[in-house]
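Beneath this line is the structure, given in structure tokens, with notes to follow.
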Amino acid sequence: MQEMLTESELSLVHALQIAPRASWTDLAPILGSTAATLARRWHSIVERGLAWITAYPAPLTGAGAITAMIEVTCGRIGSAELVDALVQDPRVVSIEHAARGRDLVLTVQTSSLDELTGLVLDDLPGFDSVRSTQTHTCTALHVEGSRWRLDSLDGAQHSAVAALGESPDRSGYARPESLTDQVARSLVGELTGNGRASAPEIASALGRPTSSVRRQLAALLRSRAVVLRCEVAQDATRWPITVTWWCRLPVQAHQEVVEIIRARSELRLCMSLTGPANFLLSMWVSSVPDILRVQEWLESRAPSLHIIESSVTLRSRKRMGWELGAQGRATGYVTTLGGSSWTLPR
């Protein structure tokens, strides 16, 4: 039987979705616990692979940065080896096995169009199991998974935790000279594996002075260059099913529809794309019948949205750089995101 998160664990994960690096001391009175208990609880959750905190370069930032969805049709022979190789590829940030229309759906982030081209035209065709690919380039990312929340905190708790995670005004942010692109990449690399890593822990791993890392880390986290994300094993929640709708929508209606669908708490991903299906949205839902109810809601609220196809995810093998094993649990294997040429936004 699938292990579910307890109510106290769900509350902690929800809090960390809002403020991923909040201290246990600050969270304790809000969650009605102690700092030591929260630390032990989080350690247990992570050890069981049920939740984790990662970091990655903000999508579509940096000169020439590209986010894309690649549909892959492949044969049975060699497909396992293909997926194993894609898990290890830092350009491929998420891997989903689809129920129909395609065998795999890859979410890809590259630092340039050339890097994406190399993956699509050179690397993927090199696998004998790959029969065809179809690439959709993201032209606008409206909603992504770091914004998705559990519903375990009450309104007062949510507001209190949000106050802890509020970022300082970025309008006057000036990047210190010490925060070079190379330094930023190394910090993101450490935070990818543990988004709560402290400055002393990162300094020890990188062999740098703690004081320098503390200043650089603070500057990086204040910037718009990195996203912190508390993830959760989907099957341990009340929303075990992922459904993706590939849609066609007049370009002038994209923003209007985005504002409509933001109201759905199930929404995990929404982006504008190139190609016939130029609008994609993905949700976590509670049951298969719920798919129909949500689609009816979409069609009634956004009549200009033409749904070309809906697809259920059979299995997620990788999510934002983290390998997922049985029942969607994190294995601890992580590929650093962003690529060696990723740069801070200027």
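Only one of the listed residues (32, 49) is at pLDDT 95 or above and under 20 Å from the mean Cα position of the chain (by Cα). That residue is 49. In the range 34-60, of all residues being open to solvent by 30 Å² or more (accessible area, probe 1.4 Å) and among the polar types (S, T, N, Q), the one that is farthest from residue 121 (Cα to Cα) corresponds to 34. In the range 300-319 there is at least one residue matching the filter, namely being over 26 Å from residue 51 (Cβ atoms), open to solvent by 60 Å² or more (accessible area, probe 1.4 Å), at pLDDT 95 or above and in a helix (DSSP H, G or I).
Restricting attention to the range 112-160, the residues being assigned to a loop (DSSP other than H, G, I, E, B) and either of a type in the set (Val, Ile, Thr) or under 25 Å from residue 238 (Cβ atoms) (or both) number 8.
Might you let me know whether the range 166-180 holds any residue that is of a type in the set (A, V, I, L, M, F, W, C), open to solvent by less than 50 Å² (accessible area, probe 1.4 Å) and at pLDDT below 95? Walk me through it before giving the result.
Initial filter on the range 166-180 (of a type in the set (A, V, I, L, M, F, W, C)): 174, 179.
Okay, now just the ones that are also open to solvent by less than 50 Å² (accessible area, probe 1.4 Å), so 179.
Subset that is at pLDDT below 95: 179.
Checking the range 166-180: at least one residue is of a type in the set (A, V, I, L, M, F, W, C), open to solvent by less than 50 Å² (accessible area, probe 1.4 Å) and at pLDDT below 95.
Scanning the range 109-160 for residues that are among the aromatic types (Phe, Trp, Tyr) and either open to solvent by less than 40 Å² (accessible area, probe 1.4 Å) or free of Cβ contacts under 8 Å to residues at least 40 places away in the same chain (or both) turns up just one, 148.
Could you tell me which residue of the range 235-270 is farthest from residue 68 (Cα to Cα), considering only residues that are open to solvent by less than 20 Å² (accessible area, probe 1.4 Å) and part of a helix (DSSP H, G or I)? Residue satisfying both the conditions and the ranking: 236.
So is residue 321 touching a Leu at 6+ places or on another chain (Cβ under 6 Å) and over 22 Å from residue 262 (Cβ atoms) or not?
On the way: touching a Leu at 6+ places or on another chain (Cβ under 6 Å): yes; over 22 Å from residue 262 (Cβ atoms): yes.
Here the answer is yes, as residue 321 does meet what is asked.
Every residue, every condition in (1) basic (Lys, Arg); (2) over 30 Å from residue 222 (Cβ atoms); (3) in contact with a Leu (Cβ under 6 Å, 6 or more places away or on another chain); (4) open to solvent by less than 10 Å² (accessible area, probe 1.4 Å), yes or no:
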{"residue": "15", "(1), (2), (3), (4)": "no, no, yes, yes"}
{"residue": "20", "(1), (2), (3), (4)": "no, no, yes, no"}
{"residue": "84", "(1), (2), (3), (4)": "no, yes, no, no"}
{"residue": "88", "(1), (2), (3), (4)": "no, yes, no, no"}
{"residue": "94", "(1), (2), (3), (4)": "no, no, no, no"}
{"residue": "97", "(1), (2), (3), (4)": "no, yes, yes, no"}
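If the condition is being within 23 Å of residue 321 (Cα to Cα) and surrounded by fewer than 19 Cβ atoms within 10 Å (Cβ to Cβ), then the range 205-217 contributes 205, 206. One residue alone among 293, 264, 317 is under 17 Å from the mean Cα position of the chain (by Cα) and of a type outside the set (Phe, Trp, Tyr), and that residue is 317. Annotation: residue 343 fulfils all but one of (1) closer than 25 Å to residue 112 by Cα; (2) touching a Phe, Trp or Tyr at 6+ places or on another chain (Cβ under 9 Å); the unmet one is (2). In the set (1) over 18 Å from residue 146 (Cα atoms); (2) outside any loop (DSSP other than H, G, I, E, B); (3) modelled with pLDDT under 95; (4) not aliphatic (A, V, I, L, M), the condition left unmet by residue 67 is number (1).
Does residue 76 qualify as being of a type in the set (Lys, Arg), touching a strand residue (DSSP E or B) at 6+ places or on another chain (Cβ under 6 Å) and outside any strand (DSSP E or B)?
no
Would you check which residues across the range 271-299 are among the polar types (S, T, N, Q), open to solvent by less than 30 Å² (accessible area, probe 1.4 Å) and under 18 Å from residue 242 (Cβ atoms) and list them? Let's see the steps before the verdict.
If we filter the range 271-299 for residues that are among the polar types (S, T, N, Q), which is where we start, we get 272, 274, 278, 282, 286-287, 295.
This time we only want the ones that are open to solvent by less than 30 Å² (accessible area, probe 1.4 Å), so: 272, 278, 282.
Once the filter is applied, which keeps residues that are among the polar types (S, T, N, Q), open to solvent by less than 30 Å² (accessible area, probe 1.4 Å) and under 18 Å from residue 242 (Cβ atoms), the range 271-299 yields only 282.
The values are calculated or read from the model by the stated rules, or taken from the named source; none is laboratory data. It should be emphasised that the depicted structure is a prediction, and the values quoted were computed from it without experimental measurement. All Cβ positions, even for glycine, are placed from backbone atoms using ideal geometry, and neighbour counts span all protein chains on display. Just so you know, the surface numbers come from the protein's heavy atoms only, side chains and all, with ligands and any DNA or RNA stripped out. Shrake-Rupley method; radii C 1.70, N 1.55, O 1.52, S 1.80 Å.
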